[in-house]
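What follows is calculated from the coordinates using simple rules that are stated; it is not laboratory data. What you are looking at is a predicted structure, and each value in this text was computed from that prediction instead of being measured. All Cβ positions, even for glycine, are placed from backbone atoms using ideal geometry, and neighbour counts span all protein chains on display.
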Amino acid sequence: MISAHLPALQVVVPLIAAPLCVILRRGTWTWALALLVSWASLAISVVLLGQVLDDGPLSYAFGGWEPPWGIEYRVDVLNAYVLLIVSVVGAVVLPFARRSVLEEIPESQHSLFYASFLLCLTGLLGVTITGDAFNLFVFLEISSLSSYVLISLGRDRRALHAAFQYLILGTIGATFIVIGIGMLYMATGTLNMADLAARLPFVDESRTVLVSFAFITVGATLKLALFPLHFWLPNAYAYAPSAVTAFLAATATKVGVYILLRFFFTVYSFDFPLKAITLQGMLMPLSVIAVLVASTVAIFERNVKRMLAYSSVAQIGYMILGLSFMSVTGVTAGILHIFNHALMKGGMFLALGCIVLRLGSVELDQLRGVGRRMPLTMFAFVLGGFGLIGIPLTSGFVSKWYLILGAVEGDHWLIAVAMLFSSLLALIYVWRVVEVAYLQAPPEGAKAEEAPLSMLIPTWVLIGANVYFGIETSLSVGVAQTAAELLLDVGLGTSP
Amino acid sequence: MELLGLYNYWIVVVLMMAGFYTVIAFDNLVKKIVGLTIFQTSVFIFYISMAKVSGGTAPILTGEPEVFSNPLPHVLILTAIVVGISTTALGLALIVRIREAYGTIEEDEIQAQDDQQ
Amino acid sequence: MTAETKIILSLLLPSLGALLISLCGRRPNLRETVTIITAALLFGNVLLLLPEVANGARPVVNLSLVQIFPDVPIKLEVEPLGMMFAVIASGLWIVNSLYSIGYMRGNQEQNQTRFYVCFAIALASTMGVAFAGNMLTLFIFYEALTLSTYPLVTHKGTEDAKAGGRVYLGILLSTSIGLLLLGVLATWNIAGTLDFVPGGILEGKASEAVVGLLLFLYMFGIGKAALMPIHRWLPSAMVAPTPVSALLHAVAVVKAGVFTVLKVTVYIFGVDFLGQTGLSDWVAYIAAATILLASLVAMTKDNLKARLAYSTVSQLSYVVLGAMLASTLGVIGGGMHIAMHAVGKITLFFCAGAIYVATHKTEISEMTGIGRSMPITMFAFFLGSLSIIGLPPFGGSWSKWYLALGAAETGQILLVAVLMISSLLNVAYLMPIVARAFFLPPPEGDGTAAVGIREAPMFCVVPLSITALGCLALFFYADAVYDFLTLLVTPQG
């Protein structure tokens, strides 16, 4: 009986828990509630993925109102995969958060922190699972607003301005998306994604629809921080509390990529006039530039968190590049990298959170000799870095392999070379940190001990998963490939 | 004329660009929020415009067959207005905190203080 | 024990050894014993595989537990070239471990546990490279080798060590990620497989221009083969302690590079295919240039290890030349040179390290008259030099002979001349060292003139004597090696 309502519960459980956190007031209790809820969400998303892999796409009519008039939650392989990623990251970051939040945020704000965290989780899960376009906008705004709050709770006062900047840019992005959705409604009379997919081919020459495509593309690109609309990201990630950075880095932009995937390949049918031009003519060069420019800027950053933020911008470039190849290999690479990057970056930001706890700062000069003092933490960071570079036996290598294979298959040789060159850029900025941490003596009288277990274990869970999925890829690659094939064949799949 | 008959859409465009310009051009944070709100309002008007059916009246069932305007966009806009209000409230709250932390709400002065740090 | 078990053990033994070594860090004697036992067990295990392979068998293991890419398995396969490489590497590991004990303790080096652990991991990676059954597996272990030897190169932790490490890692990873990986992916795209198949997998699959491009990607992507201009990492790596230079940069790392070149030539491109298309000629000329240029640079170096490093660059190109001749004798000569040069060079490096331990001298100009106080060391150096130069009755003469024959067979008289000239250059940069040591008096005020014989510690002197005698022994065993390697190029029954 419950299993029939699982899609709804995926979103409703964290949603109800959020105001409960505000009511509960006491920091530890709210943390415990948030932990419980996030693990419950993880369980639900695992079950959903299992169901979808066995039986095919699930459809859930909210409130019993049949689509396309009612709001429909539709779970296919792609969403289930992204749901899994978001809930895994949430479930791993929350145990970490307890110690980290105690350190970085004043006691009185803890219950509000966890409430916002749960709202953010709700929003992200909702964006992923919904099958209705306007519902997507609503959940997107829920997640965005709560992430503005989360970011502003950072210790450094620059977090406030970073949150404000993100607010302005994020709202513009979301508003663009809603304009696009409105135009789609004008042209077809429906908001349900499957229904839109069915009706759009008949009106795809109309200017309204073409403009809606443009608005949605720009809005989504802003949300996922593709160059040149990435300006909010470095500051937001650098000054937010460590747990928030880890969570957002691993989820928020990934959900943005999902929105792009969903609209590009499901709603707008395959031979939509503007699509190929946009993807290959605009997004492809932009993502290559993103990768090269962001990696180069990362090399010169002295704050390691900002360095990783720019690295994220580059990695997002990889994902969009994979998409822009419009082949099964390319889209597989893009979807696979959503998963792998979440593991890598999430783990690396968690490791940085451990360092912040013990050292109080992540400036490069403060990190001298930290490899001796906090060996487990730094080794986790190094392994994550190997993934960014693309060393074999890490998940990053697997994504790179598919990405370059996609480039080679599509005869984009220059792009393949550029991607391999960017790996070398990643080598430079990762190795800078490695040299400082391992090959330089610690400052006089500096004492630091290894991070507490409650923070080390989540870090190693993510990094360990990064290595595991670099060796045993049948789940990650298999699901990504299935999702890619599904996306490129037909729209949302024939209705069950 | 066709162009003049679309006056509602022209208003949408003007408001949208005015709001967008305000967000970009002014340094004062409150003005940015105001610009953002204008920008969002233009979208509301856009949706409501699209809801109007020629000769339609307010969508309230009276038992007699009539031509009604489309109620769905109105509902969508109510949601969007709520989202907009939350955004504005959050933005203003952030401005208050920024004022406490920096002593100013002009973007360039904040930037200068950050660069010194 | 089946062949499959032995293959897996070859990878498992050094890995477990690394683990055990890290646990024994507190007790140096126990730790060193673990290293020696691991090395001995590995060598024994590898030797057990020898008879089967000598009879023409090629045992295969598919590591199906691990699946990185759905269509490309992680595969281990033993064939003659890999077998020979594994025997050399594991055998010399035992000798090198004994030497390390003498060197590291004689110099009172820090962080010895990290040293021995990384060494074991590096040897595990070397075994992986030797026994790789397809290009993906080889690439994975190739990268693992680079990464595991980085801590060894930067062992001393000084600014020089860091700078050397940066050049080392930078060049090796740039070439492997930037060029080799692209080559591997392009091969996958063209041929649909990455398996090592005698006769190659590329024939008929792509145009000559594409195959030429692939050759470029492979030859310059395999940075460990130190083809000019990507040879710079090798002299930079000399900043490492000498046992590292000896085993890794005379045997494991550099030989992994030229081994990969040979393997790619025989099993990805195919010797006959390459010969027909004549695409490898330009690489052969680059190899020839490297041979000569590196020898010339070696002559200008006063630092002994730097001179030996450039000598290695030159000698590695012998193997590349042999491969690029695209003839049977060339390939066999190249393979043989892997073995001969390994034993000869490791002797020379052992001697250089022994000199450093005993007298703290690193420059050749300081080493006058040292033959009086370290006669065994310098005599071993003399024997090793003769092998490198290629004079009988030392092993190096056979490999040079076959390489020259291979060049003559393909009508490349210019390349034969290059081989002859380079032997003369080898004399020019190696013999003066020996001559200075024995025939010139020691520098004034040195204090060694009146002292008599003061050799390096036993643990240093015994290994270098063993390898020096090995050079001599290989002369007589050369035909066994030749017969073994012929299996490489005979058609599979």
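Dipole size of the protein assembly as shown about its Cα centre, with +1 on Lys/Arg Cβ and -1 on Asp/Glu Cβ: approximately 2580 debye, rounded to the nearest 20. May I ask for the distance between the Cα centers of the stretch C:27-63 and the stretch A:111-175, given as a whole number of Å? Computed from Cα coordinates, the inter-centre distance equals 58 Å. Based on DSSP H segments of at least four residues, each scored -39500 (n - 2.57), chain A has a per-residue ellipticity at 222 nm of -25500 deg cm²/dmol. Between A:GLY256, A:PRO7, A:VAL209, the Cα set farthest toward the positive side of the dipole of chain A (charges on each charged residue's Cβ, about the Cα centre) is that of A:GLY256.
Among all helices in chain B defined by DSSP H, which have a length of 30 Å or more along the axis from Cα atoms plus a Kyte-Doolittle mean of at least -0.5? What comes out of the filter, once short or polar helices are dropped, is B:29-51, B:72-102.
Under a model in which nothing but the beta-carbon of Lys, Arg (+1) and Asp, Glu (-1) is charged, chain C shows a dipole of about 1100 debye around its Cα centre. Using a Cα-Cα cut-off of under 17 Å, which aspartates and glutamates could be cross-linked to C:LYS205, ignoring same-chain neighbours fewer than 8 residues away? Of all the aspartates and glutamates, those that pass the test against C:LYS205 - Cα under 17 Å, at least 8 places apart if same chain - are A:GLU409, A:ASP411, C:ASP195, C:ASP272.
Packing here is the average count of other Cβ atoms within 10 Å per residue, and on that basis the peptides C:288-296, C:78-86, highest first, run C:78-86, C:288-296. Taking a ≥ b ≥ c as the square roots of the Cα gyration tensor eigenvalues, the stretch B:1-85 comes out oblate, since a/c reaches at least 1.5 and a/b does not exceed b/c. When peptides A:350-358, C:375-383, C:24-32 are ranked by their average number of other Cβ atoms within 10 Å per residue, the highest-first order is A:350-358, C:375-383, C:24-32. Only one residue of C:LEU213, C:LEU180, A:LEU224 has its Cα farthest out toward the positive end of the dipole of the protein assembly as shown, where Lys and Arg carry +1 and Asp and Glu -1 on Cβ, and that residue is C:LEU180. Exposure proxy for B:ASP114, A:ASP132: other Cβ atoms within 10 Å of each Cβ, ordered fewest to most, give B:ASP114, A:ASP132.
Cross-link partners of A:LYS275 among lysines, defined as those whose alpha carbon lies under 22 angstrom from its own and excluding same-chain residues fewer than eight positions apart: A:LYS223, A:LYS254.
For the stretch A:393-412 versus the stretch C:100-168, the inter-centroid distance based on Cα atoms is 28 Å. Of all aspartates and glutamates in the structure, those lying under 12 Å Cα to Cα from C:LYS162, and not within fewer than 8 positions of it along the same chain, are A:GLU435. From most to least packed by mean Cβ count within 10 Å, the peptides A:208-219, A:17-28, A:337-348, A:73-84 give A:337-348, A:73-84, A:208-219, A:17-28. Remark: mean inter-chain Cβ contacts per residue of A:385-392 equal 4, using a 10 Å Cβ-Cβ cutoff to other protein chain atoms.
Hey, which of these cross-link pairs are over 29 Å Cα-Cα: A:LYS345/A:LYS447; B:LYS32/B:LYS52; C:LYS361/C:LYS400? Distance filter (> 29 Å) returns B:LYS32/B:LYS52; C:LYS361/C:LYS400.
Derived value for chain C: Kirkwood hydrodynamic radius 22.4 Å. Basis is the mean of 1/r over every pair of different alpha-carbon atoms. Principal semi-axes of the equivalent ellipsoid, √(5λ) from the alpha carbon gyration tensor of the protein assembly as shown, are 63, 32, 25 Å from largest down. Count Lys and Arg as plus one, Asp and Glu as minus one, and take only other residues whose Cβ is under 15 Å from that of C:ILE21; the net charge is then +3. Helix A:77-104 and the longest principal axis of the C-alpha atoms of chain A enclose an angle of approximately 30°. Each Lys and Arg contributes +1 and each Asp and Glu -1, all at the Cβ; summed about the Cα centre of the stretch A:3-489, the dipole is approximately 1380 debye. Partner shielding of A:183-190 amounts to 2, given as the average count of beta-carbon atoms from other chains within 10 Å of each residue beta-carbon.
The distance from the alpha carbon centre of the stretch A:68-104 to that of the stretch A:19-58 is 8 Å, rounded to a whole number.
Ranking C:ASN45, C:GLN67, C:GLN110 by Cα position along the charge dipole of the stretch C:37-114, where only Lys, Arg, Asp and Glu carry charges on their C-beta atoms, puts C:GLN110 farthest toward the positive end. With a 10 Å cut-off around each Cβ of A:170-180, the average count of Cβ atoms from other chains is 5.
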